[in-house]
Every structure is written in structure tokens, then in C-alpha cells.
1. How do the pairs read when you match residues in segment 21-34 that are closer than 11 Å to V203 by Cβ with residues anywhere that are modelled with pLDDT of 95 or more and in a helix (DSSP H, G or I), using Cβ under 6 Å and keeping only pairs 6 or more apart or on different chains?
2. Could you tell me whether segment 55-69 includes any residue that is closer than 19 Å to A172 by Cα and not β-branched (V, I, T)?
3. Quick one: A89 ticks every box in (1) touching a His at 6+ places or on another chain (Cβ under 8 Å); (2) modelled with pLDDT under 95; (3) among the aliphatic types (A, V, I, L, M) bar one, so which box is it?
4. Please verify whether R73 is surrounded by fewer than 16 Cβ atoms within 10 Å (Cβ to Cβ) and of a type in the set (D, E, K, R), treating the condition exactly as stated.
5. Has segment 60-71 got any residue that is in contact (Cβ under 8 Å) with a residue 24 or more places away in the chain and under 16 Å from the mean Cα position of the chain (by Cα)?
6. Out of V13, V107, I need the residue that is over 23 Å from A206 (Cα atoms), surrounded by fewer than 16 Cβ atoms within 10 Å (Cβ to Cβ) and out of contact with any strand residue (DSSP E or B) (no Cβ under 8 Å at 6 or more places or on another chain). Which one?
Amino acid sequence: MTGSALASPLTPVSPTTRVVVCATHEIGEVAAGLVATVAPDGVLGVATGSSPLALYAALIRLRAEGLATEGLRLFALDEYVGLDASDPASYAAYVRSVIADPLGIPVRHVRVPSGYTGADGAAYERAIAEAGGVDVQIVGIGRNGHIGFNEPGSDAETRTRVVELDESTRRANAEHFDGDLSRVPTHAMTQGVATILSARRIVLVAAGHAKAPALRAALTGPITPDNPASFLQRHPDVTVVADPDALQEDR
Ligand code: GLP
């Protein structure tokens, strides 16, 4: 596989977690190769954020080369509370413009948690179950170890629900709101840790030094709500695709 020639600077605690280390510019292609197994009609769990952008671009290239993606069904991890799907900063807009439209996936096969206060997390869980569960779940990792918007303190049993965002997360994401922290919502609806872990296969993508402390702790540290990504150690099939910086010890 492209990129797998690089040696991993760490060994994950979990025997069911594989780490594929590759150059930053290869992450998208390598991860897309893993995710493409969900075509032509599987259920794909999609993350937003910067980390998986190259993965989606690579999937779109694979489609141009003949991969059938139009029959995929998509479930997003999370959404900000208070942002309408028409807001360009919403994850609904991201999923539509970055993933679904370029992959030819019709709107009826795309689900994003509702960003409205009082939205029903249980209904989202039922929709995933009715689709047969998620075949491949893409996740990024927050600098504080969050997956989806499961901030530190989220435990293994959490399901889709509204959460309050950490200040550090709001600051990290302010770049998507023209750097204006006051515009970053304070709450989000997110799949829970248990929801994410119920996917049959998980592909985590990460790049850059900023992710290294959280990613290293998730892979080699104790399983703890202090680092929700550490719960991935309990999953039977996780592949981490990361560049060397994201796995390096702090320097
Ligand atoms: C965001 C999202 C997560 C994402 C993470 C990392 O806040 N809610 O789903 O994985 O934080 O984002 P990025 O890839 O932009 O660093």
C-alpha cells in the first residue's frame, strides 16, 4: 500500500488497531483505498473538519476512474446546534458540497444530525440502525482527544445527543468562522462514543504536530473518558492513517 513503507514511531496497545504511516500528501489516497471498500452501496460514516478533506478528494478521483459511489448512504458524525443546513459553516453544508454532491449521492441518502435545540438523538440512532449500521466510519481527532464532538468526559456508553463544546474546541474551530470566536456555536449534536464504536470498521485520519499528544495518548495510553479517542482501543477493526508528525513525541 502507498505510504506503508514508513515505520510507525509507536506501537498501539490494541492488537486490533493498525497504524499506517505515510507522507502528509499521501494520507488521502491511502485512507480512500480503505474507505472505497464500502462501495457500491454500503453505509459510510463521514467526519467533517480539515483532516479528511484529502480523503474525500481521493474518493472523488476514484469515482472519476470508475468507482461506483452513487449508491452509498452517508451518516455524519455531528452538527453545530443553531446552524441551519443552508449556513456554509454547517456540517450539513460540508457533507453536501464536499462529499455527497461530488460523489453523486442523492440527498435522500444523506443524514446529518439536526442542529436544532431539542433535536432527537434517538431518532438519529434509529436511522443508522434501519440502514443496517455503519460499514466504515471515518473519524478525525480533536487536539483534546475528541471524536465527533465527544469532548473529554464523554464515556463509552454515550449515544447521539447534544453536548457543550469545550472552549479549546471552539477556539480551534474558529478558523471556520472567519476567526470570529463569538460566531462559533457553544453546543453541538454528536454521535456518541458507543454509536461510533458500533461501526464495523473505523478509519482515523490525522496529520500534524498539533494532533500528536492526543493521538499518542489515544493509541498508547489508558482507556479513559479524558481522551474519548482512547475508546477506539476497544474496537475490533481500527486503521489509523497518519503522517509522522501526528505520531511523534512532543518536541
Ligand atoms: C471537529 C469535528 C470532528 C473533527 C475534529 C478535528 O471539531 N467535530 O469531527 O474530527 O474536530 O478537526 P480537524 O480535522 O479540522 O482538525
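1. Partner pairs satisfying both residue conditions: I27/A54; A31/L55; A32/L55; A32/A58; A32/L59.
2. no
3. Among (1) touching a His at 6+ places or on another chain (Cβ under 8 Å); (2) modelled with pLDDT under 95; (3) among the aliphatic types (A, V, I, L, M), A89 violates only (2).
4. Values: surrounded by fewer than 16 Cβ atoms within 10 Å (Cβ to Cβ): no; of a type in the set (D, E, K, R): yes.
Taking the combined requirement at face value, the residue does not satisfy it.
5. No, that holds for no residue.
6. Working: V13 fails: over 23 Å from A206 (Cα atoms).
The conditions single out V107.
Let's see how each residue does on (1) within 14 Å of the ligand (Cβ to nearest atom); (2) assigned to a loop (DSSP other than H, G, I, E, B); (3) at positive phi; (4) in contact with a helix residue (DSSP H, G or I) (Cβ under 6 Å, 6 or more places away or on another chain):
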{"site": "S168", "(1), (2), (3), (4)": "yes, no, no, no"}
{"site": "A174", "(1), (2), (3), (4)": "yes, no, no, yes"}
{"site": "G179", "(1), (2), (3), (4)": "no, yes, yes, no"}
{"site": "T195", "(1), (2), (3), (4)": "yes, no, no, no"}
{"site": "K211", "(1), (2), (3), (4)": "yes, no, no, yes"}
{"site": "R216", "(1), (2), (3), (4)": "no, no, no, no"}
{"site": "V240", "(1), (2), (3), (4)": "yes, no, no, no"}
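Residue-by-condition table, conditions (1) surrounded by fewer than 18 Cβ atoms within 10 Å (Cβ to Cβ); (2) away from the ligand (no atom under 16 Å from the Cβ); (3) in a helix (DSSP H, G or I); (4) free of Cβ contacts under 8 Å to residues at least 12 places away in the same chain:
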residue	(1), (2), (3), (4)
T37	yes, yes, yes, no
Y56	no, no, yes, no
D87	yes, no, no, yes
P102	yes, yes, yes, no
Y116	yes, yes, no, no
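The values are calculated or read from the model by the stated rules, or taken from the named source; none is laboratory data. Everything quoted here is computed from the prediction, not taken from an experiment. All Cβ positions, glycine included, derive from the backbone under ideal geometry; neighbour counts span all protein chains shown.
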